[in-house]
Amino acid sequence: QLQVVESGGGLVQPGGSLRLSCAASGFLFRLNTMGWYRQAPGKQRELVAIISRSGSTNYGDSVKGRFTASRDNAKNTMYLQMNKLAPEDTALYYCHVDVVTSDGLRYGDYWGQGTQVTVSS
């Protein structure tokens, strides 16, 4: 059974940095697009960043220039480097993965449980 586990969240002061990780395991096929989303209390879940298998990225407007997504396909892991953090970045950060078969057919998509990021002085 596929598992998606986020890590790296925590409490950081405004202007600080954090690096999140998302590790996928327990599947036989291949990870396609991976993404980071976040949800703050009382708000809808929003896109933070998505990254294709080849490394192409897209970012939400609020994080452009501050956050950088990357991945290591050999380790089935994705990262999110977050710099210049602000209180409005406080949220539960979720990892999302798309899995495809060896023939490139879509197999399914999965979410992690989330990791909390709190930006506060």
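The values are calculated or read from the model by the stated rules, or taken from the named source; none is laboratory data. Not measured: the values here are computed from a predicted model. Using ideal geometry, Cβ is built from the backbone for each residue, glycine included, and neighbour counts are taken over all protein chains shown. SASA here: full protein model, heavy atoms, side chains in, ligands and nucleic acids out. Shrake-Rupley method; radii C 1.70, N 1.55, O 1.52, S 1.80 Å.
Annotations
- Candidates in segment 67-121 are the residues that are under 16 Å from Gly35 (Cα atoms) and among the small types (Gly, Ala, Ser); of these, the one that is farthest from the chain's Cα centre (by Cα) is Gly108.
- Candidates are the residues of segment 18-38 that are over 16 Å from Gln81 (Cα atoms) and in contact with a Lys or Arg (Cβ under 9 Å, 6 or more places away or on another chain); the one that is surrounded by the most Cβ atoms within 10 Å (Cβ to Cβ) is Leu31.
- The residue that is least open to solvent (accessible area, probe 1.4 Å), counting only those in segment 104-120 that are modelled with pLDDT of 95 or more and part of a loop (DSSP other than H, G, I, E, B), is Gly112.
- Pro41 meets each of the listed conditions (1) within 15 Å of Ala86 (Cβ to Cβ); (2) loosely packed, with under 12 Cβ neighbours inside 10 Å apart from (1).
- Of all the criteria given as (1) touching a residue at least 40 places away in the same chain (Cβ under 8 Å); (2) under 20 Å from Thr118 (Cα atoms), the one not satisfied by Ala23 is (2).
- The residues in segment 80-91 that are crowded, with 17+ Cβ neighbours inside 10 Å and either β-branched (Val, Ile, Thr) or in contact (Cβ under 8 Å) with a residue 60 or more places away in the chain (or both) can be counted, and the count is 4.
- Residue-level check: of (1) under 18 Å from Leu2 (Cβ atoms); (2) open to solvent by 50 Å² or more (accessible area, probe 1.4 Å), Thr101 misses just (2).
- Of all residue pairs spaced 6 or more apart or on separate chains, those with beta-carbon atoms under 7 Å, a first member in segment 1-20 that is more than 23 Å from Asn76 (Cβ to Cβ) and touching a residue at least 40 places away in the same chain (Cβ under 8 Å) and a second member that is open to solvent by 30 Å² or more (accessible area, probe 1.4 Å) and of a type in the set (Val, Ile, Thr) are Leu11/Thr118.
- Screening Arg45 with (1) basic (Lys, Arg); (2) under 23 Å from Gln116 (Cβ atoms); (3) free of Cβ contacts under 8 Å to residues at least 24 places away in the same chain gives one miss only, at (3).
- Of the residues in segment 4-17, at least one is part of a strand (DSSP E or B), open to solvent by 60 Å² or more (accessible area, probe 1.4 Å) and of a type in the set (Val, Ile, Thr).
- Among (1) modelled with pLDDT of 95 or more; (2) assigned to a loop (DSSP other than H, G, I, E, B); (3) touching a Leu at 6+ places or on another chain (Cβ under 8 Å); (4) of a type outside the set (D, E, K, R), the one test that Phe27 misses: (1)
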